Amino acid sequence: MARVTGDDIQYKLREINEILGKKYRLEHPAKKRDWRTYEQEFSLRIKTAMRDLEPLIDEAVSAITIIHGPGHPHSLSLDQRVKLLLIKQLVGESNRMFANMLDIFSMVSGIDVSYKTVERLYSDEDVIPAIHNLHILILKKNNVSGSRSTGDGTGYSLTVKKNYESYAQKLKDRAKENPVNREDGKNKVSKIHKKRLFAYSFAIMDLDARMYIAFGSSMKSEREAYDRAMNLISFNGIEMDSIRLDRYYSSPSYMDKLGKTKVFVIPKKNATLNGSLKWKDTMKDFVLKTMPYLEEYHQRSNSESGFAADKKMLGWNIAQKRDDRIDNALFCTGLWHNLFNMGRF
């Protein structure tokens, strides 16, 4: 293999815009959507989720043994609580979605509880392991291995006044306009409002199934959400052959933590060859096999499409206030994503 230097990485980064602007886009034109086929597939996916949800919940709950302590037992069974929590996360959607999910309300007929009871389900100590069991069960039932994966992060608004995508774009534009403060040499950053505006979410998707093999959330940063998603993968014993990640994670330290998993990233502007053998090999592939490398890397767009679909179906804001309830609301969003993708098989 030809010798590669840090200067080669910088040259290739400058060249990428030209590659993406002409050659890459010519060879990879955007696919046009057949709306009739799309609507048929959409309807099938929703109906498959509604059909399979109840038996999946029953199986997930059957693996849990509840030991009642002092006090009155819960007025609802565990399977009823799991159903209510997931339906609570789903209701209030578009007419098109609602028309395909009417059967789901037969699952909760005869249940009469207050709003506070439903809200407490987001922090119910019995419900939380049940929805984790449901996540693992969905992956196993559909033979999702996560061998070819992609990962990305997004944010969910904690207020109806702020949209994460537009807010993040404004911050990027502001940074470009005012990159450096000449007086102190530091980036100009406006004071952060004390009230939290967003909850961060990171999801790792299996490219073949379009399902999330893991997801994590954080009130602090996308990086913490990423760490939690990776911890869930480790806990579930899933091994990834490859993963595609954002430029933020393009450093030897992040790459080395992923062990034998092959990583596709676009290096940062100041990237060098300094680092582990795995980092050096990745940078050589980036420089010497640029087009095949970009073809792998740009499958990250599936993560962006997944988030867009999630927010379209389930909304872009979170109504819960407590941190633990916000975490579990986002976990339920990931579950619904997987349930809606079971109809792809």
**Complete:** Only unsatisfied item for Lys289, checking (1) among the basic types (Lys, Arg); (2) over 22 Å from the mean Cα position of the chain (by Cα); (3) closer than 30 Å to Asp126 by Cα, is (3)
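Can you tell me which of Ser242, Ser250, Ser218 is in contact (Cβ under 8 Å) with a residue 12 or more places away in the chain, surrounded by 15 or more Cβ atoms within 10 Å (Cβ to Cβ), of a type in the set (S, T, N, Q) and touching a Phe, Trp or Tyr at 6+ places or on another chain (Cβ under 6 Å)? Working first, answer last.
Details: Ser242 fails: touching a Phe, Trp or Tyr at 6+ places or on another chain (Cβ under 6 Å); Ser250 fails: touching a Phe, Trp or Tyr at 6+ places or on another chain (Cβ under 6 Å).
The conditions single out Ser218.
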**Prompt:** Can you spot a residue in the range 187-201 that is part of a helix (DSSP H, G or I), modelled with pLDDT of 60 or more and farther than 16 Å from Lys311 by Cα?
**Reply:** no
**Request:** Within the range 298-322, work out how many residues are out of contact with any helix residue (DSSP H, G or I) (no Cβ under 6 Å at 6 or more places or on another chain) and crowded, with 20+ Cβ neighbours inside 10 Å.
**Result:** 4
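The values are calculated or read from the model by the stated rules, or taken from the named source; none is laboratory data. Because the structure is predicted, anything quoted here is derived from the model rather than measured. A quick note on method: Cβ atoms are made from the backbone with ideal geometry, for glycine too, and the neighbour counts reach across all protein chains shown.
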